[in-house]
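The values are calculated or read from the model by the stated rules, or taken from the named source; none is laboratory data. Remember, it's a predicted structure, so these values are computed and weren't measured experimentally. Virtual Cβ from ideal backbone geometry, glycine too; neighbours counted across all protein chains shown.
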């Protein structure tokens, strides 16, 4: 399965089967996390047992407390791009999980006191990702249009259109899609965060999707 195929097939899942992730797949996830952490400087962690991470009332009501495992999205608090990096590299991991036949859900509401995460000095826990085998494959949600989330100075080359198309499929908090992608006259691309709940994490996810769709690498400065 390619990353584009994973984007098209992947939907947020909140209800999970009781079966645990097999040891072989768990090891593949850990290896992918090591690769992403080396590249990003983040401290993403796969926690095989979610324990009471999703024990809050809202999690129990939505069914998310059924998730057997969790990915803790952690990085250095002093990193000015921390939230965006978490979104970008966390989504890389989410799409990789999809290729393994697993389901996921970005979750900003969870028990920060009960998640079994390891925080080194200076670390910050930004958000969590529930992971396991879903009771279903999730469903599509209402989306904004290309014109609502993108702008272009002049023509819209094919690579830009494909990037925007994939960006529209990016999961965002409360499905807010609070971002704008602009193609500038010099051919560069600007991403604007319009604010909102976890909007900077969302922007990182959007950048990941745009990069995959457009085939153009996003540079982190």
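Quick notes
- Within the range 11-57, the set of residues being in contact with a strand residue (DSSP E or B) (Cβ under 7 Å, 6 or more places away or on another chain), within 21 Å of residue 173 (Cβ to Cβ) and part of a loop (DSSP other than H, G, I, E, B) comprises 12, 13, 14, 15, 42, 44, 50, 53, 54.
- For the criterion of being in the same structural domain as residue 98 (by TED's automatic domain parsing), at pLDDT 95 or above and more than 18 Å from the chain's Cα centre (by Cα), residue 32 fails.
- Residue match in the range 155-174 (condition: exposed (fewer than 14 other Cβ atoms within 10 Å of the Cβ) and under 17 Å from the mean Cα position of the chain (by Cα)): yes
- The range 58-173 holds helices (runs of 4 or more DSSP H) entirely within its bounds, and those carrying 2 or more residues that are under 21 Å from residue 21 (Cβ atoms) map to 82-99.
- Among the candidates 5, 91, the residue that is surrounded by fewer than 16 Cβ atoms within 10 Å (Cβ to Cβ), closer than 19 Å to residue 205 by Cα and touching a helix residue (DSSP H, G or I) at 6+ places or on another chain (Cβ under 9 Å) is uniquely 5.
- Among the residues of the range 26-36, the one identified as without any contact (Cβ under 8 Å) to a residue 60 or more places away in the chain and touching a helix residue (DSSP H, G or I) at 6+ places or on another chain (Cβ under 8 Å) is 36.
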